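Quick note: the coordinates plus some simple rules give every number you see, no bench work behind them. A quick note: this is a predicted structure, and the numbers were derived from the prediction, not measured. Ideal geometry is used to build each Cβ from the backbone, glycine not excepted, and the neighbour counts take in all protein chains shown.
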Amino acid sequence: MDNHQATVYLPAEDYRRVCAGDDSRLLVGWHIPVLRSTVAISSYPSCQERSLRCALQELAELPTLRHEFCRHGNLRILDISLTREHGGICMQSSDGNREPVQVVKYAVEDFGVVSFAELLTICAARQERIDAHDGGLPRQMRLSSYLITGCALLEYLDTQMHARIAESDVPKGSGDLAAFPPAHRKRHTRCEIAVNVVCQWMVQLVLYMSLCAQWVLSAASVVRCKPLHRTLNQLTIVSVISKRLTQMQQWQERYRELYLQDDIVDYLDARHSLRQSAWSVVTDVLVGVLQVLFFRRTVVYAVNYVRAALREVYVSTFKYTSYHFAMRIGKYCKLNNEVAVFVSRLLLSVLVVWRIIKPRIQAHFTVLSNIFQYSALFGVTCHTAVLVDILTIETMHVAYAHCIMLYLTKWMQRYLYSLLQLFKGKKWNVLKQSLDSNNYTREQLFLGTVIFTLLLLIYPTIWVFYCVTLLVYLPVFVARAFMRSVIEVMTKFPWYFLAYNALFPRRYKEGVYFVAHNHDTEGSSHAAADGADSDAGLDGEGLQVARPGLLLEMRCTPFSPRTVVQPMLKTLKSCCGSLNFWKSS
């Protein structure tokens, strides 16, 4: 097949009519000379030519679509006829020239992702931007844009044709449009109006939620109490709510940027991204509300049961483990009794303070339980965040004991490293964060050697106590890190992308690909079995040339794994960064 052969993109219904020898219908679409392509979006009976030309004229005169038609060209009746000859399709133009063409069939409903009202809104915003900058947009060269825009314009054409047929005396059998009874057309129109009203209501709801989030964040920024900010930032629930409010605040700005896209395909990408963000919040809240309504007592009972069981196992196991760990290490390391007594009293003072605080926390445990039960009304992520905070409060004494020993261990390691450079004739420069040469006096060498020896002998005792507190704190830290990772994954989970792939598997999402078949419908499966099935992942910018006698079918690709999985991978990668004891403790 010649690479310069013209290509005709034809709806599947019209292709079947061409194969049946019916060339009496008028094709509506565009000629694209640069791409040597003809895009047909629909066909109408020849007896409705006058009504069709009037409807196309009214469409071309709409001021909102002026710049859009400058980019795509005017939608018009194609002066061509297609016939099947010698196992292929030939196109005859109005001047009598006949030439074989490559036919690509597609399903019109696959590209009906933008309504006519939505297209008018996009074009109006684009026209205001062009008039403000006194410049034009480049001519459209993407095939997907022609198909998506054509399907949106087809909605207007069908509406106008239905209205003109209802006013005329066209017989019932004169065409597909006349074959629909008036009651069916009214019912279909009412369904479209209802869907548009629901969509507009949801858009307004999202914008109002974004505005409320902006007000809440503005009010929170007025508070200038640093101790209060420092305390609240330690709570996971505050962090989750803050992230959700920030995410909702961005909806309004992203909605404005939605209509600043120069191409309809870029508009769809931005719309999918915005809907994913909104659906993540809506799904989170809906699941939380259902949990409160139907599983509230079950969840609370399960959490309390697991909490009691884990507490018993945790206390008994780690008492035994930490005791034997310290005793075994003590056999091989000479521990300093005075330092061990001092550190033991320091840790016991933390436990004494906790013994005073614990009854007050238990007195308000009912309040914490109620907060945990009804926090699911704000979403499952908030529900999990409250559980993390309850775990943090109940294990606060373990965390503080570990932090004390961590600070002592880091302090001793830092000074041991600095004093070790004494024997190399170097010292650590704090400003440059590097080692500098230095000439020490005898007194400095003697004093440094004494201090280094004392710290080196004390270090095993501190290290043993640190390992014990780390061993006790490790399960708590892992549980908190796991639940925070669950929160992040639920926040970034691609609910919208997966639901859209499942509900609309054939509708346009990110791109198209081509499948080659025989022109004979019965031989298409045989061609695929012989290896003629040639899938090519494309974005609508090009076309894979098929062998002569084969038909190319255009299909829409689902959301790619990169689009669905990439946010999850980034989230898990950020969660892995929190597994750092030296920074997060």
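Anything over 24 Å Cα to Cα? Flag those among K492/K573; K334/K424; K243/K410, in the order listed.
Numbers: K492/K573 12 Å; K334/K424 28 Å; K243/K410 33 Å.
Listed pairs above 24 Å: K334/K424; K243/K410.
Cα centroids of the stretch 217-248 and the stretch 466-507: how far apart, whole angstrom?
22 Å
Using the number of other C-beta atoms within 10 angstrom as an exposure proxy, rank V313, V343 with the fewest first. All intermediate terms of the calculation are to be shown ahead of the outcome.
Values: V313 11, V343 21.
Fewest to most other Cβ atoms nearby, the residues stand as V313, V343.
Considering the dipole of the stretch 195-292 built from charges on the beta carbon (Lys and Arg +1, Asp and Glu -1) around the Cα centre, which of L228, T283, L217 is farthest to its positive end?
The one lying farthest along the dipole's positive direction is L228.
May I ask you to evaluate 6.51 cos²θ - 1.76 cosθ + 1.60, the Karplus curve with θ = phi - 60°, for each residue of the stretch 337-346 and list the ³J(HN,Hα) values in order in whole Hz, giving x for glycine and proline?
Using θ = phi - 60°, the values come out as 5, 4, 5, 4, 5, 4, 5, 4, 5, 5 Hz.
If the chain between Y440 and A12 were fully stretched, how many nm would it gain, using 0.36 nm times the residue separation less the Cα-Cα distance?
145.1 nm
Rounded to the nearest 20 debye, what is the charge dipole size of the stretch 195-292 about its Cα centre when +1 sits on each Lys and Arg Cβ and -1 on each Asp and Glu Cβ?
On the way: 9 positive and 7 negative charges, 132 e Å.
In total the dipole reaches around 640 debye.
Collect residues whose amide H, placed 1.01 Å from N in the peptide plane, falls under 5 Å from the amide H of L551; neighbours closer than 5 in sequence don't count.
H517, N518, H519
Given labels modelled 7 Å from the Cα in the Cβ direction, how far is it in nm from I356 to N337?
Rounded to a tenth, the inter-label distance reads 3.1 nm.
Given R₀ = 41 Å, FRET efficiency for L457-A479 by Cβ-Cβ distance, to 0.05? Before the final figure, lay out each step's value.
On the way: r = 36 Å, r/R0 = 0.89.
In this case the efficiency is close to 0.65.
Just rank W251, W428, W411, fewest to most, by other beta-carbon atoms within 10 angstrom. Walk me through the numbers before you get to the answer.
On the way: W251 22, W428 15, W411 12.
Listed from fewest to most nearby Cβ atoms, that is W411, W428, W251.
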